[in-house]
There are 6 protein chains.
Amino acid sequence: MSGVIVTDPPKAAAEDVEALAGFGVATVHEAMGRTGLLPARLRPVQQGVRIAGTAVTVLSWPGDNLMIHAAVEQCGEGDVLVVTTTSPSTDGMFGELFATALKRRGVRGLVIDAGVRDTAELREMGFAAWSAAVCAQGTVKATGGSVNVPVAIGGQLVRPGDVILADDDGVVVVPRERARQAAEASRAREEKEAASRAAFQDGQLGLDRYGLRETLARLGVTYRSYDAHVRDGDGA
Amino acid sequence: MSGVIVTDPPKAAAEDVEALAGFGVATVHEAMGRTGLLPARLRPVQQGVRIAGTAVTVLSWPGDNLMIHAAVEQCGEGDVLVVTTTSPSTDGMFGELFATALKRRGVRGLVIDAGVRDTAELREMGFAAWSAAVCAQGTVKATGGSVNVPVAIGGQLVRPGDVILADDDGVVVVPRERARQAAEASRAREEKEAASRAAFQDGQLGLDRYGLRETLARLGVTYRSYDAHVRDGDGA
Amino acid sequence: MSGVIVTDPPKAAAEDVEALAGFGVATVHEAMGRTGLLPARLRPVQQGVRIAGTAVTVLSWPGDNLMIHAAVEQCGEGDVLVVTTTSPSTDGMFGELFATALKRRGVRGLVIDAGVRDTAELREMGFAAWSAAVCAQGTVKATGGSVNVPVAIGGQLVRPGDVILADDDGVVVVPRERARQAAEASRAREEKEAASRAAFQDGQLGLDRYGLRETLARLGVTYRSYDAHVRDGDGA
Amino acid sequence: MSGVIVTDPPKAAAEDVEALAGFGVATVHEAMGRTGLLPARLRPVQQGVRIAGTAVTVLSWPGDNLMIHAAVEQCGEGDVLVVTTTSPSTDGMFGELFATALKRRGVRGLVIDAGVRDTAELREMGFAAWSAAVCAQGTVKATGGSVNVPVAIGGQLVRPGDVILADDDGVVVVPRERARQAAEASRAREEKEAASRAAFQDGQLGLDRYGLRETLARLGVTYRSYDAHVRDGDGA
Amino acid sequence: MSGVIVTDPPKAAAEDVEALAGFGVATVHEAMGRTGLLPARLRPVQQGVRIAGTAVTVLSWPGDNLMIHAAVEQCGEGDVLVVTTTSPSTDGMFGELFATALKRRGVRGLVIDAGVRDTAELREMGFAAWSAAVCAQGTVKATGGSVNVPVAIGGQLVRPGDVILADDDGVVVVPRERARQAAEASRAREEKEAASRAAFQDGQLGLDRYGLRETLARLGVTYRSYDAHVRDGDGA
Amino acid sequence: MSGVIVTDPPKAAAEDVEALAGFGVATVHEAMGRTGLLPARLRPVQQGVRIAGTAVTVLSWPGDNLMIHAAVEQCGEGDVLVVTTTSPSTDGMFGELFATALKRRGVRGLVIDAGVRDTAELREMGFAAWSAAVCAQGTVKATGGSVNVPVAIGGQLVRPGDVILADDDGVVVVPRERARQAAEASRAREEKEAASRAAFQDGQLGLDRYGLRETLARLGVTYRSYDAHVRDGDGA
């Protein structure tokens, strides 16, 4: 895997990134037709933080962080570093020194489908990270890889310049061309949800609000009292 | 799976639920002869919260939250919603809108053997949840299932009206008929533990307090000095 | 498995343990040539705590905490209890009563390749623990095992008296004979890292600081503009 | 967990068990409305074998096979031994000696949500087994448990006397009262499948046979040529 | 997720597919610079079978096989059906009836990042399959998805018309534009391997053949006799 | 991790290895007091094969097989290659070319706590292997490691020259100094098992043969008829 470092990829417009930053991961994922969600194994190392930025992607060899060094140079204001490996690994490829270098360059956080370390220091310095593992296992700098090529994490494609949005619920990727549309759809969804929230606080049921009683009837789901259910021998 | 929604199941007595709420999950599980514990994969999304309530059970299709909508209507003051799926899933079937509707009805929390989302909002609004995953993955409303039928989670049967007790250590189910007995046995156990705690603070050993030196001897466990152990070639 | 309880094993010197306590797990692991790290499944039940101490080791039967009772007697000031089982288990073998007894004896914390319970109480009383699971599942006291024999956790050997260092990043073991050397190497590494940190804050790149541009060239990793990359048909 | 050994439970009628033995696990599971399937982690240690019999259930402590010894006495002609543990375990609780004793008693096989060993010998002697693990790890005989109580494996309840059907696809449980109905529904399903098989061999499409073109249209799934799809910017 | 069914995608040339069919998965993966390998969780349900064909891709809802029905119509001579789900699932989405329909259309096999069932029947009828699970759990036909869109499995992108090569070692995807080049590189690699094989049979060492003694020396790996190693205190 | 290659370690006596080869893994593990078993994740790539030999150990970087090349030179007649990595990995570090080289040197097989590939070829050439994964993922030759140092796999220490015994049930390590004793204890155990087998074939129960009725009584396990059990409200 000799690899390539791609420079100056197109990026989502900054104003669209900012617009997306106003919504939660679940909202944006829903607004995009339930697409774009990275796998549930990516968990935040901090709580209560949300970031949005443009992806700088890294494809690394497991146990080897050479290409993260190469990627730092490609990172700038408003980026999010996105790292994956050619085969599954929990090694702690990223720590506080990398975060120091990235923070200086205006990078907003890290998403890594491998391990991270120095988590106490990352929290202290306010550098946000989402990872598949927390592990102090060290890495070498011996093997080539690529920067700013499309990478796949779980079932999702992440291209350089795509928008990465991450919060306590996980990480979603928004293709750079769809950032504006996703922000608008998110706003529409949020308004709809606000109306539902108010209705639910007033005591309306989702069954009625979403017309689901008809769905239940169509599917043959029936209502029975507990006593009748047990009398007929189906209860326990 | 056409399904059934069972109404008005019997419930554990409110005073027994309150009594159980005074004990930790580990204490009640022990007091019931080490039974009733739901699997360790169910983890709280918040820290330092304990709830007790009566189960409203849901059996859903994976990736489909139709039956949770049906279940909301069956939930009332003092209940805990318990959701499982017909096959394993980490989808985020439950979020802040459901929590809003349930909170208004006096529901005390959620236990779900699948995913939950909007976790930051759930913490903020004080709606307690235990789940097998945190994941923003959205779901449809297309497939039937059942409400208030007995469900099995891990190796445990949960029936509607059974008591659910959950804290930082996990979730335990207490059969509704055994709620009073479990509360009494928990109180007895706690008193015994208080005495042990005091004894341990005074420096007594469990070996002596529980008569375990005899057990060790009966099992053939022997004491040897490190030097003798190494000299005989079994050390490292 | 009749088992043996080994008494008075040699221990790392207290001053070396104290010296190691000044460094993070990642630093010490790196300073020892990237060795000694226990598996990533061992996670802290608290946040922001670091402990260092000398290992008292326990090899237990799964679902059985008899040998932890035997181990308490072997524990003293400055020790860390290290527990593993003969086959994988998530049972909650250790809780607040054990912690009470150990705290009185001056023990600094617990590392267990199984489950722990009473986690809220452990946090409240300030007894630090790292475990493979949080689970209230109770255990019996029926089967023999050993105390202060060498145990292997993940790929690492832990002998009685070895230094255990644990923080938010995980757990590392330092062989007792290498404690001083590890502390010195950690100090050297920390100084080097401080210099790197300052350089990164000044904007230097790891590529330049560590001479990695040559490595990239030797490995055949090339730089290309995004436009050229796409034009040649390798982008997406 | 002091435990109980329940004797002489009711059993499904032998003729219904025989009838069910004529169908595959998938067929019976479907015929029962997609219920009763034990979790996918239960895999056969042999290939190409199908068994059906009435369950003798065992609830054991992890790492302890005492209760399997107690269960042997409760087993007879046409039974299937079903073993689970109070907490997850991969220990090899069952091997060739147990199989020898069970075979003499006319037992048809083993389903165990833990480990099995002596797998080469089991294959050689023709004793069928489904297990969550193959592992030689030995067990003790020190802790109580129960025989012929209802047990839950994955999300399914297995009661003594229920029908267990197992083949290369896994294991399904049929409640003893529903055995006849399940056999009849399986036969009906198989006839329907035979007709579908013939139709598919003739080239008919499921889309047409099951009326799914309407479903697709209702769900808004559209057909587009690859060229149009790429031209509009949604392809890759 | 309303979804789209894309018709008539471009496909790799049949002669290139045939050429690739002559090599093993490991060989082709290596020949492409160690890229294209699908995750290790995809295992064959049969042994000793190798297939090569062009991908027809399916993106389905978990627990729902509606889109496989839609995909059958898009499949033809020389294709391989590739199925993934929007979130992880082990449900048995594919069985013998689908295989019957696909076989008639000349389809060479199935790769599914979910469950498969009727495995005994699949082996008997000679329809090859690779899956993440074997599980009889049934599915519904209720939710939309897509056919012949790019899908990501593990870290790999699979586009319709790409070459799928599968054998006992797993599954590799070859982008349709690189099929010829991959076949040629595979042939070259196989010739090189034949030479190495002969050399190894003659007793040559990889250390010498690949010039690795220099690598070891550069990395500081040293040779020491066991006696010296133990005398210096580093052995065990 | 600069690493060391240790030459000429002591080995278990050939006659003791041959003696152990006559027993199954479960038998030897039991005969050694239920010790020495490597983790259940190590599975054979073939069926019905048993090997015994002396360990040549390798500690490798994940995704890097350089040290296996170094180890080949240290392997000879009657050895078994034992490979582990510094952090978990499923990469296919070993394939048919290595097997060719090792077979010529009289090596009996491979045990690897990582991935293996070319499994069809390994089966064909009769080179036995046990691995944690089957995966074609390729590896580099870039990072140092060690040969013939003690390694820990799961909870077990494997030293160079220790006996490795592997069959369908898994892998057990016998310390080289205990090889003779383990063979003798295995023989004794097998005789005891033969007597038990005969007794079980004659219909004796383990409850009586092993005196377990007393154990059950002491533990408070009681016998109850199903009817009484249900009447008292504990059945289901």
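The values are calculated or read from the model by the stated rules, or taken from the named source; none is laboratory data. Because the structure is a prediction, the values reported are computed rather than measured. Quick reminder, even Gly has a Cβ in these numbers, built from the backbone with ideal geometry, and neighbours come from all protein chains shown.
From the list F:Thr90, F:Thr100, F:Thr86, F:Thr119, pick out the single residue that is at pLDDT 95 or above, β-branched (Val, Ile, Thr) and more than 20 Å from the chain's Cα centre (by Cα). Steps first, answer last, please.
Working: F:Thr90 fails: more than 20 Å from the chain's Cα centre (by Cα); F:Thr86 fails: more than 20 Å from the chain's Cα centre (by Cα); F:Thr119 fails: more than 20 Å from the chain's Cα centre (by Cα).
The conditions single out F:Thr100.
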Item checked: Among (1) within 14 Å of chain C (Cβ to nearest Cβ); (2) surrounded by 22 or more Cβ atoms within 10 Å (Cβ to Cβ); (3) of a type in the set (D, E, K, R), the one test that A:Asp167 misses -> (1)
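Inspect all residues belonging to segment A:222-235 and state whether any of them is more than 30 Å from D:Gln156 (Cβ to Cβ), in a helix (DSSP H, G or I) and not assigned by TED's automatic domain parsing to the domain that holds A:Gly33. First the steps, then the outcome.
As a first pass, look at segment A:222-235 and keep what is more than 30 Å from D:Gln156 (Cβ to Cβ): none.
For segment A:222-235, residues more than 30 Å from D:Gln156 (Cβ to Cβ), in a helix (DSSP H, G or I) and not assigned by TED's automatic domain parsing to the domain that holds A:Gly33: absent.
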Next item on the list: Would you check if there is a residue in segment F:61-75 being farther than 28 Å from E:Gln156 by Cα, in contact with a Leu (Cβ under 8 Å, 6 or more places away or on another chain) and of a type in the set (Asp, Glu)?
Entry: yes
Notebook entry, point to check: Limited to segment D:56-78, what total is found for residues that are surrounded by fewer than 24 Cβ atoms within 10 Å (Cβ to Cβ) and either acidic (Asp, Glu) or touching a residue at least 60 places away in the same chain (Cβ under 8 Å) (or both)?
Noted result: 5
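For the subset of segment E:97-106 comprising residues that are surrounded by fewer than 24 Cβ atoms within 10 Å (Cβ to Cβ) and of a type outside the set (Lys, Arg), which member is farthest from E:Ala166 (Cα to Cα)? Steps first, please.
Restricting attention to segment E:97-106, the residues satisfying the condition of being surrounded by fewer than 24 Cβ atoms within 10 Å (Cβ to Cβ) are E:97, E:100, E:103-106.
Of the ones still in play, those that are also of a type outside the set (Lys, Arg) are E:97, E:100, E:106.
Values: E:Leu97: 22, E:Thr100: 20, E:Gly106: 17 Å.
Step by step, filter segment E:97-106, then rank; the result is E:Leu97.
Between C:Leu97, C:Leu59, C:Leu81, C:Leu42, which is aliphatic (A, V, I, L, M) and at the interface with chain B (Cβ under 9 Å from one of its Cβ atoms)?
It is C:Leu97.
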Checklist line | Flag if A:Gly48 is assigned to a loop (DSSP other than H, G, I, E, B), within 9 Å of chain B (Cβ to nearest Cβ) and in contact with a strand residue (DSSP E or B) (Cβ under 9 Å, 6 or more places away or on another chain) | finding: yes
Next item on the list: Collect the residues in segment B:116-140 that are surrounded by fewer than 20 Cβ atoms within 10 Å (Cβ to Cβ) and part of a loop (DSSP other than H, G, I, E, B), keeping them in residue-number order.
Entry: B:Gly126
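Does segment E:31-45 hold any residues that are part of a strand (DSSP E or B) and either touching a helix residue (DSSP H, G or I) at 6+ places or on another chain (Cβ under 9 Å) or without any contact (Cβ under 8 Å) to a residue 40 or more places away in the chain (or both), and which are they? It would help to see each step written out before you state the result.
Step one: list which residues in segment E:31-45 are part of a strand (DSSP E or B), which gives E:37, E:43-44.
Selection gives E:Leu37 alone.
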Next item on the list: Kindly check whether there is at least one residue in segment E:71-83 that is in a strand (DSSP E or B), at pLDDT 95 or above and over 13 Å from the mean Cα position of the chain (by Cα).
Entry: yes
Notebook entry, point to check: How do the pairs read when you match residues in segment F:1-29 that are within 7 Å of another protein chain (Cβ to nearest Cβ) with residues anywhere that are assigned to a loop (DSSP other than H, G, I, E, B) and surrounded by fewer than 15 Cβ atoms within 10 Å (Cβ to Cβ), using Cβ under 9 Å and keeping only pairs 6 or more apart or on different chains?
Noted result: F:Met1/C:Gly33; F:Ser2/C:Gly33; F:Ser2/E:Gly220; F:Gly3/C:Gly33; F:Gly3/E:Gly220
Item checked: Residues that are more than 12 Å from chain F (Cβ to nearest Cβ) and in a strand (DSSP E or B), drawn from segment D:84-94 -> D:Thr84, D:Thr85
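With respect to B:Gly53, is the statement that it is surrounded by 21 or more Cβ atoms within 10 Å (Cβ to Cβ) and within 8 Å of another protein chain (Cβ to nearest Cβ) true? Before the answer, list the steps.
Details: surrounded by 21 or more Cβ atoms within 10 Å (Cβ to Cβ): yes; within 8 Å of another protein chain (Cβ to nearest Cβ): no.
Here the answer is no, as B:Gly53 does not meet what is asked.
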Margin query: With at the interface with another protein chain (Cβ under 7 Å from one of its Cβ atoms) and among the acidic types (Asp, Glu) as the only criterion, which of A:Asp113, A:Asp118 stands out?
Written below: A:Asp118
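Do you know which residues across segment F:122-164 are within 15 Å of F:Gly53 (Cα to Cα), within 14 Å of chain C (Cβ to nearest Cβ) and not basic (Lys, Arg)? Spell out how you get there, then give the answer.
First, pick out the residues of segment F:122-164 that are within 15 Å of F:Gly53 (Cα to Cα): F:127-130, F:148, F:158-164.
In the following step, the residues that additionally are within 14 Å of chain C (Cβ to nearest Cβ) were identified as F:158-159, F:162.
Those that are within 15 Å of F:Gly53 (Cα to Cα), within 14 Å of chain C (Cβ to nearest Cβ) and not basic (Lys, Arg): F:Val158, F:Asp162.
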Next item on the list: Report yes if E:Thr35 is at the interface with another protein chain (Cβ under 10 Å from one of its Cβ atoms), farther than 24 Å from D:Pro44 by Cβ and surrounded by fewer than 24 Cβ atoms within 10 Å (Cβ to Cβ), otherwise no.
Entry: yes
Notebook entry, point to check: Just one of the numbered conditions (1) more than 20 Å from C:Thr90 (Cα to Cα); (2) assigned to a loop (DSSP other than H, G, I, E, B); (3) of a type in the set (Gly, Ala, Ser); (4) in the same structural domain as B:Val173 (by TED's automatic domain parsing) is not true of B:Ala55; which one?
Noted result: (2)
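Pick from C:Glu190, C:Glu214: which is more than 9 Å from every other protein chain (Cβ to nearest Cβ), out of contact with any Cys (no Cβ under 6 Å at 6 or more places or on another chain) and either touching a residue at least 12 places away in the same chain (Cβ under 8 Å) or not charged (D, E, K, R) (or both)?
Numbers: C:Glu214 fails: either touching a residue at least 12 places away in the same chain (Cβ under 8 Å) or not charged (D, E, K, R) (or both).
Criteria check complete, one pass: C:Glu190.
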